[in-house]
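The values are calculated or read from the model by the stated rules, or taken from the named source; none is laboratory data. Since the structure is predicted, the reported quantities are computational estimates derived from the model, not experimental observations. Cβ placement follows ideal geometry from the backbone for every residue including glycine, while neighbour counts extend to all protein chains displayed.
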Amino acid sequence: MNGICAITGCGVVCAAGSQVDEAWDGFESGRVRCAPAPEWLFSTGLSCPVFVCPREVLPAGSDGWLADGAVPPGASRTVRLAFAAAVQGLEQAGIAPDGLRGKKVGMVLGTTVGCTFHDEDYFVAWRSGKEPDLEPVRSFLGNNVAQALHRLFGTSGPAFVVTNACASATDAIGIAAQWVASGRCDIAIAGGADELSRVALNGFTSLMLTSDAPCRPYDRDRAGLNLGEGAGVLVLEPEKGAGSRAIGRVLGYGCAADAWHPTAPHPEGRGLAAALGQALKQAGVAAPSLINGHGTGTRANDQAETTALASVFGSAAIPLISTKGITGHTLGAAGGVEAVFTLESLRRGETFGSVGCRTPDPELPYAPLPEGERVPLRSRTGVSQSLAFGGTNSVLVMEAL
């Protein structure tokens, strides 16, 4: 990364809350909104609960941000989630719609399932030899989330979608920070968004990764993850132009692969340790004050992740938390949602323990901060990290201002 990138705004929509303050209140209070998937989202016979956003996700007053005055009926739920989070971030950044449209805007969004897993009827009909209407295909092609945001905002500039499984949004922020720092764009909207789908839920359940109760990251009795949906974005600008509007900085980004297994992490967390080393070196930070871990609540993830942390930080008493106990695993949005929580913790100078982690697993090499704990942070720098299928590991180092 050539230089430091300023963060001027952030936005989040998740089960914990549809605004940053509401989501933070959910973190502080330990509020868990985990229940069976509602019928309006999709029908399923599976018993594992999920974390769902409100049915209507667009914020009041968002029409003023729309170049055409309305969100097209065909816009996917993923696009709507991303738009809602982006509007929050831009408003915090003090950027008006007209000012945004006059700049070269980079859109870098991570997603995994996006809108692609709600077309079952079409594919069933097609595989049966029928000729179904092509509207699902047109909808899929028109819902590239980065290009869709450009259309909604009426902006122009580079657009890129990262589909790197559960590290997608973390990678998107790292890439966007490089774009801004190198002058490729005047401003970037970066993060991730993902809606829930029945296909994704069936897939994770078939891998025996889901829990029939709210997830318990790093807990001795953890039994798996719960899927969630949402969006989290950061608004990035060159530090010189951001001035007093800056609320934070992206200091470093690292990415490394395990090359170990299609879905399981390396038992020693080698890829994560390498990605952490890259990000910390680039940031010039030896020991952050907070580690917002991936913390899915699966046996393999939590063991590998804490093994990597122990290899990098030893026995340093840096608080390790996971926010998935209040958001669920939002897949491609996870890194964006968690970057917002990380930045907010750094800005407030404190963090809370992982909701669901009531009895930390004593066999984990690095001890997490359990539910109910509240600790002050020793500095304003922190780490947000993501582990993904395919052995991908991505890390951001951020600083609050």
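Which residue is farthest from GLU350 (Cα to Cα), if the candidates are limited to the stretch 298-324 and must be in a loop (DSSP other than H, G, I, E, B) and either charged (D, E, K, R) or free of Cβ contacts under 8 Å to residues at least 60 places away in the same chain (or both)?
Once the filter is applied, the top-ranked residue is GLY314.
Where the second residue is modelled with pLDDT of 95 or more and exposed (fewer than 12 other Cβ atoms within 10 Å of the Cβ) and the first is over 19 Å from ARG216 (Cα atoms) and lies in the stretch 32-51, which pairs have Cβ atoms under 7 Å and are six or more apart or on separate chains?
TRP40/ARG55
Going by the structure shown, is ALA310 surrounded by fewer than 24 Cβ atoms within 10 Å (Cβ to Cβ), in contact with a Phe, Trp or Tyr (Cβ under 7 Å, 6 or more places away or on another chain) and either at negative phi or not hydrophobic (A, V, I, L, M, F, W, C) (or both)?
Answer is yes for this residue.
Within the stretch 42-65, count every residue that is touching a Leu at 6+ places or on another chain (Cβ under 6 Å) and under 26 Å from HIS150 (Cα atoms).
Going through the stretch 42-65 one residue at a time, the tally reaches 1.
Answer with yes or no whether SER394 is of a type in the set (S, T, N, Q), surrounded by 19 or more Cβ atoms within 10 Å (Cβ to Cβ) and in contact with a His (Cβ under 7 Å, 6 or more places away or on another chain).
Here the answer is no, as SER394 does not meet what is asked.
Is it fair to say LEU196 is touching a Cys at 6+ places or on another chain (Cβ under 8 Å) and either of a type outside the set (Lys, Arg) or within 18 Å of THR327 (Cβ to Cβ) (or both)?
no
Output the number of the condition that ALA15 fails; it satisfies all remaining conditions of (1) in contact (Cβ under 8 Å) with a residue 60 or more places away in the chain; (2) over 20 Å from CYS215 (Cα atoms); (3) aliphatic (A, V, I, L, M).
Every listed condition holds for ALA15 apart from (2).
Can you name every residue in the stretch 29-60 that is farther than 22 Å from SER211 by Cβ and either surrounded by 13 or more Cβ atoms within 10 Å (Cβ to Cβ) or out of contact with any Phe, Trp or Tyr (no Cβ under 9 Å at 6 or more places or on another chain) (or both)?
Once the filter is applied, which keeps residues that are farther than 22 Å from SER211 by Cβ and either surrounded by 13 or more Cβ atoms within 10 Å (Cβ to Cβ) or out of contact with any Phe, Trp or Tyr (no Cβ under 9 Å at 6 or more places or on another chain) (or both), the stretch 29-60 yields TRP40, PRO54, GLU56, VAL57, LEU58, PRO59, ALA60.
Determine whether ARG220 is at pLDDT below 95, over 13 Å from ALA333 (Cβ atoms) and of a type in the set (Lys, Arg).
no
Being modelled with pLDDT under 95, farther than 24 Å from SER354 by Cα and surrounded by fewer than 21 Cβ atoms within 10 Å (Cβ to Cβ): is that true of PRO262 here?
Yes; evaluated as a whole, the condition is true for this residue.
Run down ALA334, ALA367, ALA339, ALA388 and say which single residue is among the hydrophobic types (A, V, I, L, M, F, W, C) and touching a His at 6+ places or on another chain (Cβ under 8 Å).
ALA334
So in the stretch 179-199, with the set limited to residues that are among the aliphatic types (A, V, I, L, M) and surrounded by fewer than 21 Cβ atoms within 10 Å (Cβ to Cβ), which one is farthest from SER76 (Cα to Cα)?
My answer is ALA181.
Within the stretch 61-89, restricting attention to residues that are surrounded by fewer than 18 Cβ atoms within 10 Å (Cβ to Cβ) and either hydroxyl-bearing (Ser, Thr, Tyr) or over 16 Å from GLY142 (Cβ atoms) (or both), which residue is modelled with the lowest pLDDT?
Filtering the stretch 61-89 for residues that are surrounded by fewer than 18 Cβ atoms within 10 Å (Cβ to Cβ) and either hydroxyl-bearing (Ser, Thr, Tyr) or over 16 Å from GLY142 (Cβ atoms) (or both), the one modelled with the lowest pLDDT comes out as GLY61.
Report, by residue number, each residue of the stretch 345-367 that is over 22 Å from the mean Cα position of the chain (by Cα) and either part of a strand (DSSP E or B) or within 13 Å of ILE321 (Cα to Cα) (or both).
ARG358, PRO360, TYR366, ALA367
Out of the residues in the stretch 272-288 that are assigned to a loop (DSSP other than H, G, I, E, B) and in contact (Cβ under 8 Å) with a residue 24 or more places away in the chain, which is surrounded by the most Cβ atoms within 10 Å (Cβ to Cβ)?
Filtering first and then ranking leaves PRO288.
Quick one: in the stretch 368-401, which of the residues that are out of contact with any Leu (no Cβ under 7 Å at 6 or more places or on another chain) and assigned to a loop (DSSP other than H, G, I, E, B) is farthest from ALA308 (Cα to Cα)?
The selected residue is LEU401.
Identify, please: which residue in the stretch 100-151 is among the small types (Gly, Ala, Ser) and assigned to a loop (DSSP other than H, G, I, E, B) and is, among those, nearest to VAL79 (Cα to Cα)?
Filtering the stretch 100-151 for residues that are among the small types (Gly, Ala, Ser) and assigned to a loop (DSSP other than H, G, I, E, B), the one nearest to VAL79 (Cα to Cα) comes out as GLY114.
Can you pull out the residues in the stretch 215-257 that are among the charged types (D, E, K, R) and within 19 Å of ALA169 (Cβ to Cβ)?
GLU229, GLU237, ARG249
What residue, of LEU100, LEU66, LEU81, LEU90, is within 26 Å of LEU134 (Cα to Cα) and in contact (Cβ under 8 Å) with a residue 60 or more places away in the chain?
The unique qualifying residue is LEU81.
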